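I have a structure here, written as structure tokens, and I will follow up with some questions on it.
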Amino acid sequence: MIADSPLVKAFWEHGRLDECPVIDMHGHMGPWPAIYFPRPEPEQMLVSMDQAGVRRLVFSSHEALFSAATGNDYTARVVRRWPDRFSGLMVINGNYMDIVERDMARFDAMRDAFIGLKFLAAYHNVALDDPRYDKVWAFAAERKLLVTCHTWGHGNMNGPAQVRAVAERFPEVRLSMAHSCYGMWEEAAQLARDFPHVYCDLTAVFECRGALELFCERGISRRMLFGTDLPWFSPLQGIGSVLSADITDDDRRNILHRNAESLLAPLLAAGR
Ligand SMILES: [Zn+2]
């Protein structure tokens, strides 16, 4: 059933709503050698965002994910050009701890560009709870940063068990589970219920019918974050999934903008 609430009707009619903005908490940027993206550059991504009513995108550049030495600088350059539209996450790659040390040393001088950190544990082959990352988690806790972690169900790098291990130790960190431990929805919801500082990032979850309803039924509507992996996937698909799910308009607003607004307010203030 396609929902027919007043909010949904207004979206279907106008395509986007100024009074219900969308904040995308999970994106990337720049070309990716193995795939063709029609709009990977920041100017082009702004077109995609404007078409869908996305006010702000929190992202880590593709270059930062796989070129530790240079990629975070790319992210900072883009945010500093469009500070009202983009916020950066500094990528941490435990295979290059000398570079991580360098980046932590300059983080405080780059708060205008970075609101937090990004772990890509399974790709970097360093588990979220690896001892190498202890000092990074402590660093993030001290500053109450957002830490977005790629998470996926099963495996031993970034599943529910690793999230729980770090969430227990670092309650000051705002820990966003990118992809919500994909496929292990009950475990992801339980983590959000057990820890008030843990969030379910819905990137890729939109393709699974029933997951949004399950999260809302478990009572974590205030802990769900809209995300798309832009430029990999269209914000229109994500927004359509939220509008079509069997949830309330309050839930939809929580997902599309309210939760992100509360989360971002102190982080953006720290960068001014
Ligand atoms: Zn991603």
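Can you list residue pairs whose Cβ atoms sit under 8 Å apart, with the first residue in segment 189-203 being farther than 14 Å from Val147 by Cα and the second being charged (D, E, K, R) and not in a helix (DSSP H, G or I)? Count only pairs 6 or more apart in sequence or on different chains.
Sorted first by the residue in segment 189-203, then by its partner, the pairs are Ala189/Arg218; Gln190/Arg218; Ala192/Arg218; Arg193/Arg218; Thr203/Asp229.
Can you confirm whether segment 129-145 contains a residue that is within 16 Å of the ligand (Cβ to nearest atom) and either in contact with a helix residue (DSSP H, G or I) (Cβ under 9 Å, 6 or more places away or on another chain) or hydroxyl-bearing (Ser, Thr, Tyr) (or both)?
Within segment 129-145, not a single residue is within 16 Å of the ligand (Cβ to nearest atom) and either in contact with a helix residue (DSSP H, G or I) (Cβ under 9 Å, 6 or more places away or on another chain) or hydroxyl-bearing (Ser, Thr, Tyr) (or both).
Here is a follow-up. Out of contact with any helix residue (DSSP H, G or I) (no Cβ under 7 Å at 6 or more places or on another chain), at negative phi and within 16 Å of the ligand (Cβ to nearest atom): is that true of Phe226 in this structure?
Answer is no for this residue.
Of the conditions (1) outside any helix (DSSP H, G or I); (2) in contact with a Phe, Trp or Tyr (Cβ under 7 Å, 6 or more places away or on another chain); (3) among the acidic types (Asp, Glu), Asp112 fails just one. Which one is it?
(2)
So which residues in segment 213-233 are of a type in the set (Asp, Glu) and in contact (Cβ under 8 Å) with a residue 12 or more places away in the chain?
Of everything in segment 213-233, those that are of a type in the set (Asp, Glu) and in contact (Cβ under 8 Å) with a residue 12 or more places away in the chain turn out to be Glu213, Asp229.
Could you tell me which residue of segment 135-150 is surrounded by the fewest Cβ atoms within 10 Å (Cβ to Cβ), considering only residues that are in a helix (DSSP H, G or I) and of a type outside the set (A, V, I, L, M)?
Glu142
For segment 57-73, give me each residue that is away from the ligand (no atom under 14 Å from the Cβ) and crowded, with 19+ Cβ neighbours inside 10 Å.
Ala68, Asn72
Which residues, taken from segment 45-65, are in contact (Cβ under 8 Å) with a residue 24 or more places away in the chain, over 21 Å from Asp112 (Cα atoms) and out of contact with any helix residue (DSSP H, G or I) (no Cβ under 6 Å at 6 or more places or on another chain)?
Ser48, Met49, Gln51, Gly53
I need the full set of residues from segment 24-48 which are within 16 Å of the ligand (Cβ to nearest atom) and buried (at least 17 other Cβ atoms within 10 Å of the Cβ), in order please.
The answer is Asp24, Met25, His26, Gly27, His28, Met29, Gly30, Phe37, Pro40, Met45, Ser48.
Then there is this: Please determine, by comparing only the residues of segment 165-206 that are over 20 Å from Leu263 (Cα atoms) and small (Gly, Ala, Ser), which one is nearest to the ligand (Cβ to nearest atom).
Ranking the candidates gives Ala204 first.
For Gly153, work out the one condition from (1) of a type in the set (Gly, Ala, Ser); (2) surrounded by fewer than 19 Cβ atoms within 10 Å (Cβ to Cβ); (3) over 26 Å from Gln237 (Cα atoms) it doesn't fulfil.
Among (1) of a type in the set (Gly, Ala, Ser); (2) surrounded by fewer than 19 Cβ atoms within 10 Å (Cβ to Cβ); (3) over 26 Å from Gln237 (Cα atoms), Gly153 violates only (3).
Among the residues of segment 156-193 satisfying the criterion of being among the β-branched types (Val, Ile, Thr) and under 17 Å from the mean Cα position of the chain (by Cα), which is surrounded by the most Cβ atoms within 10 Å (Cβ to Cβ)?
Val173
With a cut-off of at least 3 residues that are charged (D, E, K, R), name the helices (runs of 4 or more DSSP H) lying wholly within segment 40-101.
Correct list: 71-81.
Here, each number is a calculation from the coordinates, and none is a lab measurement. Everything quoted here is computed from the prediction, not taken from an experiment. Positions of Cβ are generated from backbone atoms using ideal geometry, with glycine treated the same way; all protein chains shown enter the neighbour counts.
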